[in-house]
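**Q** Below you will find the structure I want to go over with you.
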Amino acid sequence: MRITAARVALKSASWACGYDYAVCDDAVISLLADLRHFCIARRIDFAACNAAAEDHFEDEISGGR
């Protein structure tokens, strides 16, 4: 389910920016760069969000242990 959500997010972001990326490294890089711009504009700490996301990911792949 989460992979599907990520794929849809990448495709939607690519479409919104006018890119025609397949889901690949370039699409992920572009989305991450756009998220950094968004965070700067909203005064959100991207590094803190990224660290929290890493913790969530680790919990998810370890089965919540």
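Every number here is computed from the coordinates shown, using simple stated rules; none is lab data. Only a predicted model underlies this, so the values are computations on that prediction, with no experimental measurement involved. In this analysis, Cβ positions are derived from the backbone assuming ideal geometry, glycine residues included, and neighbour counts consider all displayed protein chains.
**Q** In the chain, which helices (runs of 4 or more DSSP H) lie fully inside it and hold 3 or more residues that are among the polar types (S, T, N, Q)?
**A** Values: elements: 2-17, 25-42, 46-61.
Ranges flagged: 2-17.
**Q** Hey, does region 3-24 have a residue that's of a type in the set (S, T, N, Q) and more than 13 Å from the chain's Cα centre (by Cα)?
**A** Taking region 3-24 and keeping what is of a type in the set (S, T, N, Q), we get 4, 12, 14.
Those left that are additionally more than 13 Å from the chain's Cα centre (by Cα): none.
Looking for residues that are of a type in the set (S, T, N, Q) and more than 13 Å from the chain's Cα centre (by Cα), one finds none in region 3-24, hence no.
**Q** Could you say which residue among Ala33, Ala6, Ala13 is loosely packed, with under 12 Cβ neighbours inside 10 Å and of a type in the set (Gly, Ala, Ser)?
**A** Values: Ala6 fails: loosely packed, with under 12 Cβ neighbours inside 10 Å; Ala13 fails: loosely packed, with under 12 Cβ neighbours inside 10 Å.
Criteria check complete, one pass: Ala33.
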